[in-house]
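The values are calculated or read from the model by the stated rules, or taken from the named source; none is laboratory data. Just so you know, these numbers come straight off a predicted model, no measurement behind them. Neighbour counts run over all protein chains shown; Cβ positions are idealised from the backbone, glycine included.
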Amino acid sequence: MSTSPDRVGVPASDGSDTVIDVAGLHMRYGPYEAVRGIDLHITRGEVFAFLGPNGAGKTTTAEILEGYRRRSGGQVTVLGEDPEHADASWRARIGVVLQETEPERDLTAEECLQLYAGYYPAPRDVHQTLALVGLAEQANVTATRLSGGQRRRLDVALALIGDPELLFLDEPTTGFDPSARRAAWDMVSGLRSLGVTVFLTTHYMDEAEYLADRVAVITQGRIVAEGPPGTLAGREHAPAEIAFTMPADTTVDDLPDPVRAAVAESTSGRVLVHAESTLHILGPLIRWAEGRHVDLPDLEVHRSSLEDVYLALTNPDAHTV
Amino acid sequence: MAPAPTSSSPASDTERASLTRLILHQFRYDLRAFLRNGQSRFFTLALPVLFLVIFASVFSGGHQVKVAGGRIDTSVYYVPGIIALGIIAAAFVNLVISVTAQRETGVLKRRRATPVSATALIGGRALTAVVVALGITGVLLAIGWAFYGAHVPAHTAAALTVTVVVGAISFCCLGYAVSSVIRNEDAAQPITQAIMLPLYFISGVFVAVSVLPHWLVDVANVFPVRHLAAALLVAYNPHTTGSGFSGTDLLIVAAWGAAGFIVALRRFSWLPLGH
């Protein structure tokens, strides 16, 4: 591999834990305001998901952070520098997986990585990186002949070859079939062990939930919620739904008081209960069933999913649970 | 929307060594990709050979063309003209198509996120064009020597080499300039051919200038194709007595190249123009 000791070295990490710091970011295209004052603070080692519908301002924000676009207003610091004025040594510390990029033409996967490795002062090993993204067996396949999922993994490998501290992933699994998505998720999870900070944009709730330490939901250019996926927008306090089918020879009126009082719906033996506190419903319900020696084989507890929270946040008029 | 190119600090020896290394690195992969691409090989290597064989065969059988210092066989006359076509195919047509495609498909955008400089990418791509141009020149000279008994006099070999290199670099600059105004990769091939085909006809590449009306030659004299073909003919013509350098023609070709360089510098974009 063609690394050279005479390239400008990577500046020593300043020891700060802040990787991305954004305050009051604005982006206008003529009269249209794509980003309307957002704040972000992302620390080293975090996997951060920027979640929002198409056209919400995700990619615009990502491209400002990556140094592709000049912002209209606000403060942006990425790895200690303003991306608008960043130089080659800054670019050596980031990796970018763009949304729509075709592979290098007429080169194999391995040659693509060798070419990009030569751009960096201290690149990762080409074969190790191919193995990391699961393309070891495709090393000698022409990049344009790879499948969609494999191309995306090559994109990730190209973004990782410079051994970045910060990786941008713009909608990494859009258009993937479920197994390819799963493989891509496993790969991104694996990046944690490399200590890479990840800035991910996605419109898939399950992707954000599976991968991210922290999620910010953006809609119409504004952040409407931010936090760990498990507690986003007070999700952990939202009422749970408990559903079961009444055992034979029983009716809703036979249920113990706390359960009966919370019944929201009962149709042809199927009962739906809204539980502010799950245990206060489940406890009496189970003791009641045991006392009667009956089973509740299809008992379900459904907690407000990230998708429910997301839909409520991004579309206030929509029906919410 | 692209940020302004980063201003370069005074080039130290280390930076210069690093740039040279990067240009050579880029060149290795650009050349490999070029040689692997069937379309590039056909239009840049096979087609000029085909043109030479066809034109030389059509006008074979004692036809002669009047040139400076005497007369030469028409088949011999076509060798430098088709060399001009080969240089333009390598440095201009192929470059416009590949650079436009790289920009419009996001390949340049991805490279922009790496530390590599535009200078290194353009240097590597231009070097590829020059090497391919020298290669096709060698092939066409070999065919001219083997089948039409034409060979380059030793005293003009240097002039011929310099002319090929100056022509290739100038047409690279023009290629980058033209690429910067094409917004769609599919338009690159038709646009370059629409520019070049008429110029080939009036510049002595397909038809000897001596049979063209004066006004058409006057038009051709404005453009660089005519001057590249003329400079190559002087360096190739067995009747040439001096070193074979055609200073005025080379200066005009280089001036077109310089103009292209300025346009390319002002309009270079890492990001797709078409969407």
- Residue check for B:ALA150: modelled with pLDDT of 95 or more and crowded, with 18+ Cβ neighbours inside 10 Å: no
- Item | Qualifying residues in region A:77-99 (those that are more than 7 Å from chain B (Cβ to nearest Cβ) and within 21 Å of B:THR105 (Cα to Cα)) - the one farthest from the chain's Cα centre (by Cα) | A:GLY95
- Query: What about A:ALA243, is it assigned by TED's automatic domain parsing to the domain that holds A:ASP298, closer than 21 Å to A:HIS302 by Cα and touching a helix residue (DSSP H, G or I) at 6+ places or on another chain (Cβ under 7 Å)?
  - Reply: no
- Message: Given the criteria within 23 Å of B:TYR29 (Cα to Cα), at pLDDT 95 or above and β-branched (Val, Ile, Thr), does A:VAL133 qualify?
- Response: no
- Item | Every pair of residues 6+ apart whose Cβ atoms lie under 6 Å, when the first sits in region A:155-184 and is within 19 Å of A:THR144 (Cβ to Cβ) while the second is assigned to a loop (DSSP other than H, G, I, E, B) | A:VAL156/A:VAL133; A:ALA157/A:VAL133; A:ILE161/A:PRO123; A:ILE161/A:ARG124
- Restricting attention to region A:192-208, the residues that are assigned to a helix (DSSP H, G or I) and crowded, with 20+ Cβ neighbours inside 10 Å number exactly 3
- Subset of region A:57-76 (residues that are buried (at least 16 other Cβ atoms within 10 Å of the Cβ) and either among the aromatic types (Phe, Trp, Tyr) or more than 9 Å from chain B (Cβ to nearest Cβ) (or both)): A:GLY57, A:LYS58, A:THR59, A:THR60, A:THR61, A:ALA62, A:ILE64, A:LEU65, A:TYR68, A:ARG71, A:GLY74, A:VAL76
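One line per residue, one yes/no per condition, for (1) within 13 Å of chain B (Cβ to nearest Cβ); (2) within 23 Å of the chain's Cα centre (by Cα); (3) under 22 Å from A:PRO178 (Cα atoms); (4) of a type in the set (A, V, I, L, M, F, W, C):
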| site | (1), (2), (3), (4) |
| --- | --- |
| A:GLN128 | no, no, no, no |
| A:THR142 | yes, no, no, no |
| A:GLY149 | no, yes, yes, no |
| A:ASP155 | yes, yes, yes, no |
| A:LEU158 | yes, yes, no, yes |
| A:ASP163 | yes, yes, no, no |
- Taking region A:208-247 only, how many residues are in contact (Cβ under 8 Å) with a residue 40 or more places away in the chain and farther than 30 Å from A:GLU46 by Cα? 6
- Task: Name the one entry in B:ALA142, B:ALA90, B:ALA126, B:ALA146 that is closer than 26 Å to A:THR144 by Cα, assigned to a helix (DSSP H, G or I), without any contact (Cβ under 8 Å) to a residue 60 or more places away in the chain and more than 14 Å from chain A (Cβ to nearest Cβ).
- Result: B:ALA126
- Identify the single condition in (1) crowded, with 19+ Cβ neighbours inside 10 Å; (2) within 20 Å of the chain's Cα centre (by Cα) that B:VAL162 does not satisfy, given that it satisfies every other one. (1)
- Among the candidates B:ARG28, B:ARG16, which residue alone is modelled with pLDDT under 95 and within 28 Å of A:TYR119 (Cβ to Cβ)? B:ARG16
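Results for (1) touching a Phe, Trp or Tyr at 6+ places or on another chain (Cβ under 6 Å); (2) at pLDDT 95 or above; (3) crowded, with 16+ Cβ neighbours inside 10 Å; (4) in a helix (DSSP H, G or I), shown as yes or no for each residue.
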{"site": "B:VAL166", "(1), (2), (3), (4)": "no, yes, yes, yes"}
{"site": "B:CYS173", "(1), (2), (3), (4)": "yes, yes, yes, yes"}
{"site": "B:ILE191", "(1), (2), (3), (4)": "no, yes, yes, yes"}
{"site": "B:PRO198", "(1), (2), (3), (4)": "no, yes, no, yes"}
{"site": "B:SER210", "(1), (2), (3), (4)": "no, no, no, yes"}
{"site": "B:ALA229", "(1), (2), (3), (4)": "no, yes, yes, yes"}
{"site": "B:ALA235", "(1), (2), (3), (4)": "no, no, yes, yes"}
{"site": "B:GLY242", "(1), (2), (3), (4)": "no, no, no, no"}
{"site": "B:THR248", "(1), (2), (3), (4)": "no, yes, no, yes"}
- Message: Taking the conditions exactly as written (within 20 Å of the chain's Cα centre (by Cα), within 22 Å of B:PRO272 (Cβ to Cβ), among the hydrophobic types (A, V, I, L, M, F, W, C) and not in a helix (DSSP H, G or I)), does B:VAL181 satisfy them or not?
- Response: yes
